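Heads up: the structure comes next, in structure tokens.
Only the coordinates and a few stated rules stand behind these numbers; no lab work does. Given the structure is predicted, the values throughout are model-derived calculations rather than measurements. When we count neighbours, we look across all protein chains shown, and the Cβ atoms used for this are built from the backbone with ideal geometry, even at glycine.
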Amino acid sequence: MIDAQLGGDVRAALRRDFIIGGRPAPIRTLARGAQASGPWPAVIAIGAFDGFHLGHRYLIDQMVADARARGLAAVAVTFDPDPDTVVGGAPAPRLLTVTDRLRALALSGVDAVVVVPFTRDLASLGHEAFFDDVLAPALDVRAVHVGADFRLGARGASTVGVIRAWGSARGIEVNGHDLVGEGGTPITATRIRSLIGTGELAAAAAMLGRNYFVRGCVVRGRGEGTGMGFPTANVARRGVMQMPPDGVYAAWVLTGRGEAWPAAVNVGLPPMFAADPSSSSLEATLLGFSGDLYGRDVAVSFAEHLRPPVSFDSRAALIDAVKADIERVRSRFGDTPVHL
């Protein structure tokens, strides 16, 4: 039923959307000055990779192809936390949790993901210290791949040109790739955040290569939904994630059981219950689901905006509207889970 309505391989699409794949590459966290068993000859790509969008995908693909041609390991080097959250005056909302970002990299075809703990001390290092003191104990870097706008060190002093000159003297090839464009403009995490924030979910998905999702833990809320006949999962988001505008959405909810359930999702405090401190700003009604999700980690993938938030005159009017939302989701996605 679901396949007939959506077309194509729904399971494959949802696995893509929720970043579920086969065997991930190992993930290793480094520390400055830590001892290692010996440096690993490698070609590397460096970046924060928030959202792991199509531009990041292209960069990783170029790095992996170079590594394969050289017969070397392909290694993605990233940071935890995202540098923007440490040195940025007003950090932007994230497009992926750290865990999801690392999983996306580990499933991208690389041989390993190396995570560098990002601190203010690390931010003050020049590129020489970063490569020699932080990376060199674990990686014998033979080539580097970054975006053309990549910068490293205090005040971004180490540009691609600066790092390339340094690498040339050491026999290290440094490649600064032009940013992948869409609609004549480069794909960036900033651009994708803006699109999600203004509700342009299809445009954001085209740049991400998947539908956007947020992750959180199911907590107890008002309990109003159960009394109305459609219990909701109140999701406490993990970290400061970019959210679409307030309103109601058709979505899929991935539970800890490996099942994706069609859902009607409310974003923002419901106007009728805005004064209730137990109200949640992310509430999902999973169609066909029965059971207890409290304390479980779930992910909510936004498929379509259904309507803006509305302040209803009565409880009965609210119930009728929610029932209509649920029927719209059911007519498109059905009311049974997809096992991923």
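Sorting MET241, MET207 from the fewest to the most surrounding beta carbons within 10 angstrom yields MET241, MET207. Extension gain, ASP149-GLU173: 0.36 nm per intervening residue step, less the Cα-Cα distance, totals 7.0 nm.
In plain terms, the chain from ALA129 to TYR58 could stretch by 22.8 nm, reckoned as 0.36 nm per residue minus the Cα-Cα distance. So what is the diffusion coefficient of the stretch 20-182 in µm² per second by Stokes-Einstein at 25 °C and 0.890 mPa s, using a Kirkwood Rh over Cα pairs? After rounding, the answer is 154 µm²/s. Legend: ranking of residues MET243, MET63 from fewest to most surrounding C-beta atoms inside 10 Å; resulting order MET243, MET63. Compared with the alpha-carbon gap, the fully stretched path from VAL219 to ASP297 is longer by 27.1 nm at 0.36 nm per residue. Averaging over all projection directions, the Cα-based convex hull of the chain occupies 18.8 nm² in the image plane. Between amide H atoms placed 1.01 Å from N, distances below 5 Å from LEU306 occur with VAL248, TYR249, ALA250, all of them 5 or more places distant or on a separate chain. Across the stretch 180-194, computed HN-Hα scalar couplings (Karplus, 6.51 cos²θ - 1.76 cosθ + 1.60, θ = phi - 60°) run 5, x, 8, x, x, 10, x, 7, 9, 4, 4, 5, 5, 4, 4 Hz from first to last residue, x flagging Gly and Pro. Over the residues of the chain, the helix contribution to mean residue ellipticity at 222 nm works out to -8000 deg cm²/dmol, using -39500 (n - 2.57) for each DSSP H run of at least 4. Neighbour counting of Cβ atoms within 10 Å sorts the residues ARG330, ARG23, ARG94, fewest neighbours leading, into ARG23, ARG330, ARG94.
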